[in-house]
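S.K.: Sending over a structure as C-alpha cells; questions will come in a sec.
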Amino acid sequence: MTQLEKMAELEQKTENCSLCQLSGHRSQVVFGEGVLGKGLMVVGEGPGQDEDKQGRPFVGRAGRLLDLILESGGFSRETNTYIANIVKCRPPGNRTPVPGEREACKPYLLEQIRLAEPKIMVLLGATAIQGLIDANAKIGASRGRWLDWQGIQIMPTYHPAALLRNPNLKAAVWEDMKMVIDKYRELVDPEHYCEYH
C-alpha cells in the first residue's frame, strides 16, 4: 500500500471518529490536504466555519493568507506542502480546542506526520505548538527559533488569523518563512526557487 493509500485509509477512519465532543458539532471532518513526501508540512489549530463547510483546511480568509505566505516562499499545497490541523473537527464558535480534544485527535496527526514524511514543519500559532510539542509554550517566545522534534525541524510562527487581526505581525512571519526557505534548500531541495528570497 502506498503512502497516499494509507493516508486515504486514515482519512476514512477519522470520518467515523467520535473520540471527543467536537464530533457532535461538525458538518464534516477536515482531514488535511497537499502533497506527501516533499519535505514540508504545515500544522494549524482547527477548522473554522468555511473549512467545516468545504471539508478542506485553510480555505477561509486566514487560509487565503496562508496560501499567499506559502507562495511567497515557493511553496503550495499543490506542489510541495502538506497541510493539517491539531484537531479535525470545528470547535463550536471557532473557540480554541481544549487539551482533551487535542489529545483525542493527536494519534491521527502523528500518523499524518509519519505518512507525510516532512523534514520541516511550520506550526501556526500557540495551539499548534501546545498540541504537538509543549502544552505550556507561548507563540511569542517560541516563534523564529528552530526546534528539533523527533528528527524534524520545527519552525513555530504566528497563525494567519493573528496577522488578519494584527498586520504588524506580518514582518515577523516573513522572517520566519525566510528561515524555512533556507532550511528547505539545505535539507530538501538545494534548487528550491523563491522569487523573494
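S.K.: Can we say residue 17 is touching a Cys at 6+ places or on another chain (Cβ under 9 Å) and in a loop (DSSP other than H, G, I, E, B)?
M.R.: When the stated conditions are applied, residue 17 passes them.
S.K.: Filter the stretch 65-75 down to residues that are under 14 Å from the mean Cα position of the chain (by Cα) and without any contact (Cβ under 8 Å) to a residue 24 or more places away in the chain, then give me how many there are.
M.R.: Here the count works out to 1.
S.K.: Next question. For the stretch 35-50, give me each residue that is surrounded by fewer than 23 Cβ atoms within 10 Å (Cβ to Cβ) and outside any loop (DSSP other than H, G, I, E, B).
M.R.: Across the stretch 35-50, the qualifying residues are 49, 50.
S.K.: When you scan the stretch 99-197 for helices (runs of 4 or more DSSP H) that lie fully inside it, which ones turn up with 3 or more residues that are within 18 Å of the chain's Cα centre (by Cα) and touching a residue at least 60 places away in the same chain (Cβ under 8 Å)?
M.R.: 99-116, 126-132, 160-165, 170-187
S.K.: Sort out which residues of the stretch 78-90 are surrounded by 21 or more Cβ atoms within 10 Å (Cβ to Cβ) and assigned to a loop (DSSP other than H, G, I, E, B), and write them in order of number.
M.R.: Selection gives 86, 87, 88, 89, 90.
S.K.: Next question. Looking only at the stretch 62-76, decide whether some residue is touching a Leu at 6+ places or on another chain (Cβ under 9 Å) and basic (Lys, Arg).
M.R.: No, the stretch 62-76 contains no residue that is touching a Leu at 6+ places or on another chain (Cβ under 9 Å) and basic (Lys, Arg).
S.K.: I've got another one for you. Kindly provide the set of residues from the stretch 160-197 that are of a type in the set (Asp, Glu) and farther than 18 Å from residue 127 by Cβ, ordered by number. Walk me through how you get there before you give the answer.
M.R.: Taking the stretch 160-197 as the starting set, the residues that turn out to be of a type in the set (Asp, Glu) are 175-176, 182, 186, 189, 191, 195.
Within the stretch 160-197, 175, 182, 186, 189, 191, 195 qualify.
Every number in this text was worked out from the coordinates using simple rules, so none of it is lab data. Being a predicted model, the structure only gives us computed values, none of them experimental. Don't worry about glycine lacking a Cβ; one is built from the backbone with ideal geometry, like all the others, and counts go over all protein chains shown.
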